[in-house]
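The values are calculated or read from the model by the stated rules, or taken from the named source; none is laboratory data. Model, not experiment: these values are computed from the prediction. Every residue, glycine among them, receives a Cβ derived from its backbone with ideal geometry; neighbour counts consider all protein chains shown. Note: areas computed on protein heavy atoms with side chains; ligands, DNA, RNA excluded. Shrake-Rupley method; radii C 1.70, N 1.55, O 1.52, S 1.80 Å.
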Amino acid sequence: MGASIYVAGQNDSVPNQDLETIFVTSHRDGRKLSALSTSALYISPLQIKQSGTTRLQQILSEQPGINIVPQVNGLGSGIQLQGFNPEYTMILIDGEPVIGRNTGLLDLNRITLNQVKQIEIVKGPSSSLYGSEALAGVVNIITDQSHDNNFRLGLRESSHATTDINGMGSLHSEHGGLLVQASRYATQGYDLAPESYGKTVSPHQQWNAFAKYHYNTGHHEFLLSGRYFDEHQQAQYLVNEIATSGHGLIRDWMINPVWKYKMTERLHSVFRTYYTKYDATALLLNDHTGETISQDDFHQSFTRLEWNPKYLIDQRQTLIGGLGYVHETVNTIRYGNGGGKYQNTSYEFVQYTLRPSEAKEINLGLRYDHNNVYGGQLSPKVSFITPLFNNVITWNGSIGSGFKSPDFRQLYLDFTNAAGGGYRVYGREVLSDKLIQIKDQISGYLKDISNEPSIRPESSFSINTGITWKTNQTMRWNLSYFRNNVTDLIETEPIAQLKNGSNIYSYFNINKVRIEGADLSMQCQLNDAIKFTGGYELLYAYDLNQLDLLKAGKKYRRDPASLSSVLMSRSDYYGLSERSRHNVQFSLLFQPKESVWNASIRMQYRSKFGIGNNAGLVQGGNVFVSEKSGNDILDRYDDFVHGYALVHANLGYNGFKKTEILIGIQNILNKTIPSALPTLAPRSMYVNINYTLSKNKN
Amino acid sequence: MKQFVIILLSALVLFNSCKKDDTTSGATASVSKTITDLAADPGTGVDPATGQTLGTINKFTLFNFKSGSIISNSDSASTKWDIGFRGTTIIFNSGVSGPGTAGAQIQDGTFDGITTAPSTGYISDNATSYAIPVGSGKGWYTYNGATMVISPTAGKILIIKTADNHYVKMEILSYYKGAPASPVNSIPARYYTFRYFYQGDGGTALK
């Protein structure tokens, strides 16, 4: 770790000092963590450092109420926040969205933690500030900037022939500075099913570079940051008994110039510009003949301009506004000929804050997005925080709505499954044209689409509320409740039948779900050396259409002993798949003052969960799917993945003058579930060595 | 109310009789049976890559509900059989499939919950579609593309009018040899386990 982060890390070794941390994501304006009106998680520099990981996914997976879930098709995994699928959580770097949801979710292993200052997670919908995608919440990765002159070199060597080399340098002067970071990561992957051809996680190499320049004159502040990422992957598959090799290439980069201007004491402006590009190509070749079996590509770009003014009305009132424009393009062969598509969104938002006293606050926010494809969307949100019982307890809450616009795939896909019986899937925007084009091949229509309204964004209405109890200077409890009602979830539905017997599918606003739950967390500084954090989440997630069918007595299950059909009762319904009812997380951090040693033990447990029908395409072995009675609902008699615990530990030594060493073990119990969670890596050991040259530290 | 009690009593009697394999009471013999592992052209093996069955002979296994026995394929042009099985395809002795007047329809419910056969709505096999449609989610089964497993869809009860104009209710329990509770693709498929009730008196009561 760089010297600056290191110093910051020591500062927050007492949990309540975290509360003084400035958190920017929830209101697009600095707030003390202790005065946040929304539910949030904060990952401190010390936590990042002590976790020993260099990847975003790992650190997120260790947070209370966050689960790692496999992506549909088994291609990577994403995070589940408040019980939502990964595509409903917006991932930001310094407030700007990360793109490349190639098949729905973002591969969080693309994001390294080397230049990260802190990670802010807002739970609950945040569309009133961030627009589409911020339905479950927002993960904002705040990058560091130069604080002094230093240079750091890090090496991380771990199991499965995995090497991560990273270097960071920063130059700093009175008014600003430059921070540059670069890293290379290479792994041989691992194989959980050696009896089958190919590896579970294939070998891949990544390059990552980041630079940030900032210059501050007092009235003006300029920030210019850029990021580059590049990944090569080599995979081996058996396709119809033929040995094939896959070659994957992902490249993404971004540039983000920001100008902050204090026009007057009361009026501040931030002008943001952002451009990012994501390119992925995949090629599958026959190992013997060298011929191409399949080819895929996905190119996406995202451009945003935003003006973000802030007006301090008086000591107690603040007004924040935003005016922005987004131009997004996608080009892929999956959308057929002329695959280039675009969307434009313009938006305005406003947030009014009233702060009657230091610890009391109410926020009213409203955002309007206008999109050239799906039209307008209004997202309001109200949040508050107030102290109770002489400041021993603080109570916060928020009510708001979130939305997720139809993605490019749902609008423009042009897909024919040649291997799986020739079924077709068309995006809604191209559907009627396609039906006319192939009308000679259609034998019958299953749904009349002529009166069907055009596809709408998925939207949610949510309540989050919580109380925080500071029992004393060293212990803090938080209990919170959340409930999300989501409507218009987009699903595929058959609309016509082809003469070959296969169906034509398209996307429609069909499902409604309700996700509710409660979180209990506590942090405690047991003594000078030991900090304990623990968290528990209870989660209930149901498909409301299925609940209606259950109520009407139209759902059946299969009795596991007699195999006969039985009318299903409400209590037989377990809920949405991939959701565990119970999640437990705790960590013990040992950081004795004046000691050169530190250590940590972290544990996560999740109770049993089901695996949906789409999780398939896993390499080797039998694929795990819960459903076994064909009733399209997860009932208690279906097959479940058993609950499991992951335990990680590490030991650090910083007795050398410039070098720190951290050794650790991830997944000590070596828990793997190849059929259901192939991305759950087996036990691995690692050594991190960080060498720091700091002008200020010497 | 009195009538209701009588119906209930007779239902109890019948329910008890269901436990026996055969119920014979003179000329009007009702049959309640569970047939296990009826081979429906199982073939010689499975292509591991595609899940397709290999070595099939492409012939239906014919079955008679009254006798509860398999009928030789050489009798396919007669009305000796009611139903035929080949892979996931089920035919009835009717229309394009045979000389009889059998028919079938699917009702949502449980085997015990359906106590009366509808008097109309029986479909025969015709040139473009079978009485029980073929395809995942369309007829009696659901196919899972990820596990390549066929599951009988819970709550789908086949109501059949036989070649000799008797009513039958039938529930398919498994498509895999040995009727495992959690079948996987490696278990031999195309083996039907099903239970049925054949009303011997020709009436529509199915209990």
### Query
Summed for both chains, how many Å² of accessible area, to the nearest 100, are buried between A and B with a 1.4 Å probe?
1800 Å²
### Summary
Under the rule rounded for a/c under 1.5, else prolate if a/b exceeds b/c, else oblate, using alpha carbon gyration tensor axes a ≥ b ≥ c, the range A:345-491 is classed as prolate
#### Entry: Flagged links, alpha-carbon separation over 25 Å, of A:434/A:512; A:608/A:671; A:512/A:608
A:434/A:512
### Task
Work out the mean other chain Cβ neighbour count within 10 Å for the residues of B:152-162 and drop it here as an integer.
5
#### Entry: Surrounding net charge for residue A:485, when Lys and Arg each add one and Asp and Glu each subtract one, Cβ distance under 13 Å
-1
#### Entry: Accessible area (Å², per residue) of the range A:180-248, counting only protein heavy atoms and a probe of 1.4 Å
47 Å²
#### Entry: chain A - percent relative contact order, Cα under 8 Å, separation 6 or more
12 percent
### Query
What aspartates and glutamates sit close enough to residue A:199 to cross-link, taking a C-alpha to C-alpha distance under 17 Å and skipping anything fewer than 8 places away on the same chain?
A:191, A:241, A:287
### Query
Other chains near A:566-578: what is the mean number of their Cβ atoms within 10 Å of each residue's Cβ?
1
### Message
To make sure I understand the rule: partners must be lysines, Cα under 19 Å from the Cα of residue A:360, and not fewer than 8 residues away in the same chain. Which ones qualify?
### Response
A:32, A:381, A:470
### Query
Quick one: length gained pulling residue A:301 to residue A:157 fully straight, 0.36 nm per residue minus the C-alpha distance?
48.4 nm
### Task
Show that you can apply the helix-only estimate: for chain A, add -39,500 (n - 2.57) for every DSSP H stretch of four or more residues, divide by all residues, and state [θ] at 222 nm to the nearest 500.
-2000 deg cm²/dmol
### Protection proxy ranking, peptides A:674-684, A:365-375, average beta carbon neighbours within 10 Å, highest first
A:674-684, A:365-375
## Note on the structure
Sorted on mean Cβ neighbours within 10 Å (highest first), peptides A:121-130, A:308-317 come out as A:121-130, A:308-317
### Query
So, with a 1.4 angstrom probe, what is the percent of accessible area on the range A:324-404 that is carbon and sulfur?
60 percent
### Message
When a/c reaches 1.5 or more, the comparison of a/b and b/c decides; with that in mind, is the range B:35-155 rounded, prolate or oblate per its Cα gyration tensor?
### Response
oblate
### Task
Order the following by accessible area, largest value first: A:685, A:475, B:170, A:522. Probe radius 1.4 Å; ligands, DNA and RNA are ignored.
A:685, A:475, A:522, B:170
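Is the protein assembly as shown best put as rounded, prolate or oblate by its Cα gyration tensor, with a ≥ b ≥ c the root eigenvalues, rounded for a/c under 1.5, and otherwise prolate when a/b is larger than b/c, oblate when not?
Prolate, because a/c is 1.5 or more and a/b exceeds b/c.
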#### Entry: Net charge dipole size for chain A [Lys, Arg +1 and Asp, Glu -1 on Cβ; Debye, nearest 20]
1280 debye
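Normalising by the residue count of the range B:137-207, find the relative contact order in percent from Cα pairs under 8 Å and 6+ residues apart.
Contact order relative to length: 27 percent.
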### Summary
Charge tally for neighbours of residue A:587 with beta carbon under 12 Å away, counting Lys, Arg as +1 and Asp, Glu as -1, is +1
### Summary
Checked against a 19 Å limit on the C-alpha separation, the offending pairs among A:260/A:310; A:117/A:404; A:499/B:161; A:277/A:341; A:554/B:138; A:212/A:262 are A:117/A:404; A:499/B:161; A:212/A:262
## Note on the structure
Cβ-Cβ cut-off under 12 Å around residue A:398, Lys and Arg +1, Asp and Glu -1: the net charge is +2
### Message
Restricting to Cα pairs below 8 Å that are 6+ residues apart, what does the relative contact order work out to for the range A:228-290? Please round to a whole percent.
### Response
35 percent
### Loop-located GluC sites (Glu not before Pro) in the range A:246-348, at most 15 other Cβ atoms within 10 Å (DSSP)
A:265, A:291
### Query
Residues of A:552-564, mean number of Cβ from any other protein chain within 10 Å of their own Cβ, rounded to a whole number?
5
### Task
Please work out the Cα center distance from the range A:220-283 to the range A:429-444, rounded to the nearest Å.
37 Å
